[in-house]
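Take a look at the structure set out below.
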Amino acid sequence: MRENTDQSSRRKALNWLLGGGVVAWLGAILYPVVRYLQPPEMPEAVVSSVKAGTVDEVPVDSGKIFKFGNQPGILIHTPDDQWRAFNAVCTHLGCIVQYRDDLDQIWCACHNGHYDLQGRNISGPPPRPLEEYDVNLQGNDIYVSKT
Amino acid sequence: MSPKHDATLKERTTRWMQERYPLDKVTGFAEKKQVPLYHGTIWYYFGGVTLFLFLIQVVTGILLLFYYRTGADQAYESVRFLMTEVQFGWLIRSIHSWSANLMVFAAFVHMFSVYFTRAYRKPREFTWVTGMLLLLLALAFGFSGYLLPWNQLAFFATKVGTDIVGVVPVAGDFMLNLLRGGPNVTGATLSRFFGFHIALFPGIFTIILAVHLLFVQVQGMSHPLGAEEQAPDKTMPFFPNFVLRDLLLWLIVLNVLALLAVFFPWELGQKADPFTSAPAGIRPEWYFMFMFQTLKFLPAHILALEGEVVGVAGFGIAGLLWILVPFLDRKSEKGRKSRKLTYIGLVIVIYIIVMTIIGYVLS
């Protein structure tokens, strides 16, 4: 009888060791694979200000997409001759927005989202307003910086 | 002359093989196999059509690989080269694209016919589940392949499609990074999608397809509800009668495919530029249209949640229930058809058709 329980507890211990070994072995394989699949973070120069274009390039009642670091930005010359700039990534599902001169609005073609010229989401699916940037004119050059 | 020398080459080859492998078991199985004949027998062919189109995908896909180069600065150029310089390059690509679309369509027809005839009922639950996995993989094939030419339309479709993955709670960011190879859709995304499309998905697809076909062979074709499985009124031998009919239909499909590919060649469009606005009229492949259109109609917020979260969660739950339908449907097991499930199926079909049409008409 004693021998029996000895044997079964020994078997249990061996099963645990074996099972634990398999789990540890799987973990040792999967961990590096999962880490490998995560792309390394690219060190990027922090961009806080960028030249978005020139005054001649963007006539009244039009817009332009510019590069702000690795993000697209949109520069708008409003019908009442004001300058505005926003992050151009739609807050819905990440498409790049455009200026619609027929509506005087910012519009996303992907899911028909509308923003007003303050960047506020006014209709369609976008859940949040666009992030606004500061615009500074220096002669003919237009500089955009994070607020 | 001894009888040994009288044997033809064919007979000698057969004998040689038979001494080593149990060929007679395979031929015996094919000879005995019967396909039940009902007025709905036509639906039995759509799985075969899907299989045929998949085989075309494999062949044309390998051909495309000889010229395609991945990478944000090469992919578009290599496809343009393929389409303008390589002899019949346009045709191979056009067939690959058309065949992909027809394959998804055939798979949908196959799936709905199985659903409405309740062919998924006991004992074929896992044939349904493996079939659904194959359909999901086919959609993943379509989604990943769409990006490979690196054109404007595909770029934004991928941006939206992967952004949806990012909506998933907790694991969203992790999966987004995994799919895109970074926070944005870039050349890194293209490399990954290429890997998925030509290595990972084909590998998994082939294994599940083998299991799916094995199930079908082991259990035979399903019979309509209420019909006696053991002794159906009328049957047709699988070989050669059903196989020949299958082949004839494959030939017709091949002709339709060739006509579509030649007269409506697939366009390449504009090269993707991560720093331009999404063009008006942007849309995904037609089989994602009903979901895309639904997301357009959802308001920014539903209760406390963002609209797209509700939409994505809704489609996720509906898809899961759909996969589990053989286990949820208690009536068909007893030989009765659930009216409710028929109506649900009809509503889904109508919803998909109406939303798809709206998607195309409104854009």
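Compared with the dominant principal axis of the Cα atoms in chain A, helix A:2-37 is inclined by about 20°. The angle separating the long axis of helix B:307-323 from the principal Cα axis of greatest extent in chain B is about 10 degrees. Using a cut-off of 30 Å between Cα atoms, the listed pairs B:Lys33/B:Lys340; B:Lys33/B:Lys122; B:Lys122/B:Lys159; B:Lys122/B:Lys234; B:Lys271/B:Lys296 include B:Lys33/B:Lys340; B:Lys122/B:Lys159 as exceeding that distance. Among the chymotrypsin sites (Phe, Trp or Tyr not before Pro) found in the stretch B:252-300, those both in a DSSP coil and sparsely packed, with 15 or fewer other Cβ atoms within 10 Å of their Cβ, are B:Phe275. In this structure, the amide hydrogen of A:Gly73, modeled 1.01 Å from its nitrogen in the peptide plane, lies closer than 5 angstrom to those of A:Phe66, A:Lys67, A:Phe68, A:Ala88, counting only residues at least 5 positions away or on a different chain. Under a model in which nothing but the beta-carbon of Lys, Arg (+1) and Asp, Glu (-1) is charged, chain A shows a dipole of about 1400 debye around its Cα centre. The share of Cα pairs per 5 Å bin across the stretch B:94-176, counted from zero up to the longest distance, runs 3, 12, 17, 17, 16, 14, 12, 7, 1, 0 percent. Using the Cβ-Cβ distance between A:Asp80 and B:Val86 with R0 set to 35 Å, the FRET efficiency from 1/(1 + (r/R0)^6) comes to roughly 0.05.
Summing +1 for each Lys or Arg and -1 for each Asp or Glu, what net charge is found among the other residues whose Cβ lies under 15 Å from the Cβ of B:Ala100? Surrounding charge for B:Ala100 is -1. Model label points for B:Phe116 and A:Val47, set 7 angstrom from Cα along the Cα-to-Cβ axis, are 5.4 nm apart. What's the long-distance tail for the stretch B:306-347, i.e. % of Cα pairs beyond 16 Å? Result for the distance tail: 48 percent.
Computed log10 I(q)/I(0) for chain B at 0.07, 0.14 Å⁻¹: -0.39, -1.31, from the Debye equation with unit scatterers placed on every C-alpha and solvent omitted. If you plug the beta carbon distance of B:Phe264 and B:Val354 into 1/(1 + (r/R0)^6) with R0 = 22 Å, you get a FRET efficiency near 0.35. In chain B, the longest principal axis of the Cα atoms and the axis of helix B:45-65 are about 60 degrees apart.
How many Cβ atoms of partner chains, on average, are near each residue of A:91-100 if near means within 10 Å of its Cβ?
Numbers: counts 2, 9, 13, 11, 10, 10, 2, 5, 1, 1.
If you average over the peptide's residues, the count of other-chain Cβ atoms is 6.
Once the C-beta distance of A:Leu137 and A:Asp116 is scaled by a Förster radius of 30 Å, the resulting FRET efficiency is 0.85 to the nearest 0.05.
In units of the rule-of-thumb radius 2.2 N^0.38 Å, the stretch A:57-133 shows an alpha carbon radius of gyration of 0.97.
Counting every alpha-carbon pair across the stretch B:232-289, the share separated by more than 17 Å comes to 68%. Among the trypsin sites (Lys or Arg not before Pro) found in the stretch B:316-350, those both in a DSSP coil and sparsely packed, with 14 or fewer other Cβ atoms within 10 Å of their Cβ, are B:Arg330, B:Arg336. Shape analysis of the protein assembly as shown based on the Cα gyration tensor places the equivalent ellipsoid semi-axes at 51, 30, 26 Å, largest first. Taking only the Cα atoms of the stretch B:1-138, the ratio Rg/Rh comes out at 1.16, with Rh defined as the Kirkwood radius.
Could you give the semi-axes, largest first, of the ellipsoid that matches chain A, computed as the square roots of 5 times the alpha carbon gyration tensor eigenvalues and rounded to whole Å? The partial results should precede the final answer.
Numbers: eigenvalues 716, 71, 21 Å².
Equivalent-ellipsoid dimensions as semi-axes: 60, 19, 10 Å.
DSSP assigns beta bridges within the stretch A:26-147; of those with both partners inside it, close to 100 percent run antiparallel.
Remind me, relative contact order of chain B in percent, using alpha carbon pairs under 8 angstrom and six or more residues apart? Please report the intermediate quantities before stating the final value.
On the way: 329 pairs, mean separation 92.4, N = 363.
Relative CO of chain B lands at 25 percent.
Read-outs: derived from the displayed coordinates by stated rules, not from any lab. Everything quoted here is computed from the prediction, not taken from an experiment. All Cβ positions, glycine included, derive from the backbone under ideal geometry; neighbour counts span all protein chains shown.
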